[in-house]
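**Student:** Next up is a structure, given as structure tokens.
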Amino acid sequence: VRRLIAVLATLVLSGCATLPTELDVQSGPELVAPTGQEFSYYSPAGPTRGATEQEIVSGFLAAGTGPQNDYSIARQYLSEDFAQRWQPATETLIRSGAPAFRESGGTVQLVDVNVSARLDEHGRYSDITPVESTTLRFQLVQEAGQWRISAAPNLTVVTQPVFSVVFREFPVYFVDARYQYLVPDLRWFPSRASTPTRLVAALLTGPSEWLQSSVTSAIPEGTRLTINAVSVQDGVARVDFDANALAADASSRGVMLTQLRSTLLQIAGVTQVAISVNDSPQEIEPSELSDATTLGTTFALTDTGVQRLGVVEELPLSGTGNIVERFNPLHLALFDGGRKVGFSNEDGVYLLEREGQSLSINQLSETETVVSLEFDSFGSLWAFPQDAAEPIEIYESRGSSKTLISNLEGTRLWGAISPEGGRLVQAIERPTGESRLIVETISRDTAMIPLRTNEGLELRPVVGKPISLTWHGSNGLRVLEQTASGLSALSEYSLTGPRRALTMPPVVGVQLLSGSSSISTYLLSEDGELWILTGNTWRQGASGVIALSALR
């Protein structure tokens, strides 16, 4: 390892000896180790004496990979006056391919960039499909005989690999309309000392458009920071709001603090959050809201019944020992410690309930084409029929049933509900053969029974047809995709962010389920073999498995 580090260091030093004249020149930038709240970054080079106008612009764009000290290296390429006014946090462009440089009028440089995604000032990531071409304009002047940029767009430009190093995902937490559970809104920022301030600013700005119909914030509208900074001292993030925050009642104040705690405690070194109003400390107790971020314990359905994975010689759940023989189930769902077991077969949907020594099995519907079955975190059982135009059937915890109308066309391949119960994702194959991942929010009544789904995001699978999917954490999806050759590929999608390819499964899979922190993902093969992804390695587990389910 030491030898490798030495070789890399030599490459870095030799690569930085000259200034690249094109942005795609690989100069072996150094990756700086984290210090304090700074994360790992590239360390770009500053301008060299006698650099041409194009070299200055190219170097400036390359310096957008280094946000340390508020992009201090990039500011070296700017005129003394403009260096104070440039605002790099306004926007980030993620480019595809090499930029093209053009001269316009002697002191003006134009750069054509193909943009595949962009990030706004509040950290909201949006893909751009198809790739969009944009032209950036740079005005240059001479200062002390050296070319410097006197006017430029308030943005930075990076490639997708650089973005993955420089930026981190930070969920900003809002709350459902009933103040029952937290809902994350994924944002992307460089991990810097100013990140707490940007997170609170994003929270004050409100949720992303696709979440607005189903979430809210307990922070009163119009509330602002008294100074544009959230300080962190001795592990305490101090948030000082203006007088608008006083409009929150006692209940809302507790939710407000919970939102801030969930948003800020993800930052290394922050252990507490203190709220003040116009520098007057506020005594607030946080509310106890559901903040589920992962799915529960994983169970498997086999010929011997429903059994918890990872426990040696554990008996099957009571009452499940002969359901395979009697019902030949295809899908499985669990709730309330396993006292409620939902399953479906070619004749419909069933519910097994245990209460004390009593046991009952009731048929809930005669729907024959269920593609996935799942309890949400409030006890409602969701059955997703194969025809995407057919409504989703929901069986409430009180025993009654209802349907949610679907406006989708095509074949429903899978459906899954987020850990906190506020969002739903469905894999749909349209009549044209195109596949999409449709992410919607869920509105509920006062009893937390689903009322409707709301239009949200549409993600395009990039490998092939989705076969199964699972929520991975609170902000991402893991998707089992079928390649053109019929093999299985595993991908991870942020709801708003770049896709990441994971280690390809060694078998053709039919179901995917996220595991615990130590076990990344469970995969069920078409032959009933259970495969387990730990780190980047697949290993085989049990055989004879029919279906998997996470306990809600």
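**Student:** Express in whole angstrom the spacing between the alpha-carbon centres of the range 356-415 and the range 488-552.
**Tutor:** Comparing the Cα centres of the range 356-415 and the range 488-552, I get a distance of 24 Å.
**Student:** Quick check for me: using +1 on Lys/Arg Cβ and -1 on Asp/Glu Cβ, what's the dipole size of the range 178-294 about its Cα centre, in debye to the nearest 20?
**Tutor:** 340
**Student:** Taking all pairs of distinct Cα atoms, average 1/r, flip it, and tell me the Kirkwood hydrodynamic radius of the range 495-552 in Å to one decimal place.
**Tutor:** 12.1
**Student:** Where only protein heavy atoms count, and the probe is 1.4 Å, what is the accessible area per residue for the chain in Å²?
**Tutor:** 45
**Student:** OK, next. Given a cut-off of under 8 Å on Cα pairs at least six residues apart, what relative contact order in percent is computed for the chain?
**Tutor:** This gives 9 percent for the chain.
**Student:** Scan the range 278-387 for GluC sites (Glu not before Pro) in coil per DSSP, keeping those whose Cβ has at most 10 other Cβ atoms within 10 Å, and list them by number.
**Tutor:** Glu283, Glu288, Glu313, Glu314, Glu366
**Student:** With a 1.4 Å probe and all protein chains left in place, how much of the accessible area of the range 170-272 comes from carbon and sulfur atoms, in whole percent?
**Tutor:** About 46 percent, which is the carbon plus sulfur part of the accessible surface.
**Student:** Oh, and also: Placing unit charges on C-beta atoms (Lys and Arg positive, Asp and Glu negative, everything else neutral), compute the dipole magnitude of the chain about its Cα centre in debye, rounded to 20.
**Tutor:** 1080
**Student:** Using only DSSP helix segments of four residues or longer, with each worth -39500 (n - 2.57), what per-residue ellipticity at 222 nm results for the chain after dividing by its residue count and rounding to 500?
**Tutor:** Computed ellipticity for the chain at 222 nm equals -4000 deg cm²/dmol.
**Student:** Sticking with this one: Determine the sum of side-chain charges near Ser133: Lys and Arg each +1, Asp and Glu each -1, restricted to other residues whose C-beta is under 15 angstrom from that of Ser133.
**Tutor:** Counting the neighbours of Ser133, the net charge comes to +2.
**Student:** Can you tell me the dipole magnitude for the range 400-443 around its Cα centre, using point charges on the Cβ only (Lys, Arg +1; Asp, Glu -1), in Debye to the nearest 20?
**Tutor:** 80
**Student:** In addition: Order of 165-172, 43-50, 473-480, 109-116 by packing, highest average Cβ count within 10 Å first?
**Tutor:** By packing density, highest mean first, the sequence is 473-480, 165-172, 109-116, 43-50.
**Student:** Within 10 Å, count the other beta carbons around each residue, average over each peptide in 256-269, 54-67, and list them highest first.
**Tutor:** 54-67, 256-269
The values are calculated or read from the model by the stated rules, or taken from the named source; none is laboratory data. Note that this is a predicted model, so its numbers are computed, not measured. Note that each Cβ is placed from the backbone with ideal geometry, even for glycine, and that neighbours are counted across all protein chains shown. With ligands, DNA and RNA removed, areas are computed over all heavy atoms of the protein, side chains included. Shrake-Rupley method; radii C 1.70, N 1.55, O 1.52, S 1.80 Å.
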